[in-house]
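Take a look at the structure below.
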Amino acid sequence: KLAKMNLAIRGIDANIQFGDTFSNDLHPDLKADYVIANPPFNISDWKGEQLRDDKRWKYGIPPTGNANYAWLQHFIHKLSPNGTAGIVLANGSMNSNSGGEGDIRKAMIEAGVIDCMVALPSQLFYNTMIPACLWFLAKNKTNGKFRNREKEILFIDARNLGTMINRRNKELNPTDIKQITDTYHNWRNIDGNYQDIQGFCKAVSNQEVAEN
């Protein structure tokens, strides 16, 4: 109901259904050029114990107690050969090691599917105080559409951006959003004019990621 209402007030027509993406995939043959997703953070009741041998777990079997790395691999599985994805997850997904998550993340880095990571400011969401981050995934970072970013990841620390709009919540204004998007596009685009900014953004090689 919330999803239908959200789309309706924006004039977007869509087919919204209630379902379970993991155990009942309603789009088994879909390969998308773009995926934008805000899955529930850290859910433990995703029936992971029933999906140990699923073909989607290309980079490792996600733990039954947390679906974060099941979501990431599900969305990668859904991408077309040159597809890209933007996903909102809890900050803990960036450095968690429980249940083999660190090994899955390592395999994803080595496979070159992680394009950019953005740490967001806290208090952005009305329904949770958990700090969040953005994962930008690219199925093929050498496809010629953008600059060859093979074995390179962009990190953006946007935790200091945003303005409090009440005592509880913070909001990113258009200038904040433009700063983040321009940074990513300048790094990714062939004719971009990207530069590292201390405390805000850094382009890092896979080797440097491994060392840290």
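The values are calculated or read from the model by the stated rules, or taken from the named source; none is laboratory data. What you see is a predicted model; the values in this text were computed from it and never measured. Every residue, glycine as well, gets a Cβ built from its backbone with ideal geometry; the counts of neighbours run over all protein chains shown. The protein model used for the area step is the full one, side chains on, heavy atoms only, and it has no ligands, DNA or RNA in it. Shrake-Rupley method; radii C 1.70, N 1.55, O 1.52, S 1.80 Å.
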- [ ] Quickly run through the range 1-25 and pick out the residues that are at pLDDT below 90, part of a loop (DSSP other than H, G, I, E, B) and open to solvent by 70 Å² or more (accessible area, probe 1.4 Å).
- [x] Lys1, Asn15, Gln17, Phe18
TODO: Kindly indicate the residue of the range 26-42 that is open to solvent by 40 Å² or more (accessible area, probe 1.4 Å) and of a type in the set (A, V, I, L, M) and also farthest from Thr128 (Cα to Cα) among those meeting that condition.
DONE: Leu30
TODO: Report yes if Met108 is within 27 Å of Asp53 (Cα to Cα) and surrounded by 16 or more Cβ atoms within 10 Å (Cβ to Cβ), otherwise no.
DONE: yes
- [ ] State whether one or more residues within the range 174-190 are open to solvent by 80 Å² or more (accessible area, probe 1.4 Å), part of a loop (DSSP other than H, G, I, E, B) and of a type outside the set (Phe, Trp, Tyr).
- [x] yes
Task: Given (1) over 25 Å from Ile180 (Cα atoms); (2) open to solvent by less than 20 Å² (accessible area, probe 1.4 Å); (3) not charged (D, E, K, R), index of the condition Ile61 fails - done: (2)
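Every residue, every condition in (1) in contact with a Pro (Cβ under 9 Å, 6 or more places away or on another chain); (2) farther than 27 Å from Tyr126 by Cα, yes or no:
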| site | (1), (2) |
| --- | --- |
| Glu152 | no, yes |
| Ile156 | no, no |
| Lys170 | yes, no |
| Lys178 | no, no |
| Tyr184 | no, no |
| Trp187 | no, yes |
| Asp196 | no, yes |
| Lys202 | no, yes |
| Asn206 | no, yes |
- [ ] Mind listing whichever residues of the range 158-173 are crowded, with 16+ Cβ neighbours inside 10 Å and outside any loop (DSSP other than H, G, I, E, B)?
- [x] Lys170
Task: Inter-residue pairs, beta-carbon under 7 Å, first of a type in the set (S, T, N, Q) and in the range 140-169, second open to solvent by less than 50 Å² (accessible area, probe 1.4 Å) and part of a strand (DSSP E or B), 6+ apart - done: Thr163/Lys170
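This table checks each residue for (1) among the polar types (S, T, N, Q); (2) open to solvent by 20 Å² or more (accessible area, probe 1.4 Å); (3) assigned to a helix (DSSP H, G or I).
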position	(1), (2), (3)
Phe75	no, yes, yes
Gly100	no, yes, yes
Trp135	no, no, no
Phe146	no, yes, no
Task: Count of the range 195-210 residues which are in a loop (DSSP other than H, G, I, E, B) and either in contact (Cβ under 8 Å) with a residue 12 or more places away in the chain or basic (Lys, Arg) (or both) - done: 2
- [ ] Could you please let me know if Gly86 is over 17 Å from the mean Cα position of the chain (by Cα), within 24 Å of Ala119 (Cα to Cα) and without any contact (Cβ under 8 Å) to a residue 60 or more places away in the chain?
- [x] no
- [ ] Could you pull out the residue among Phe136, Phe200 that is at pLDDT 95 or above and over 22 Å from Trp71 (Cα atoms)?
- [x] Phe200
Open item on the list: Let me spell it out: the conditions are (1) in contact with a helix residue (DSSP H, G or I) (Cβ under 9 Å, 6 or more places away or on another chain); (2) of a type in the set (A, V, I, L, M, F, W, C); (3) more than 17 Å from Gly92 (Cβ to Cβ), and Ile104 meets all of them except one. Which number is the exception?
Closed with: (3)
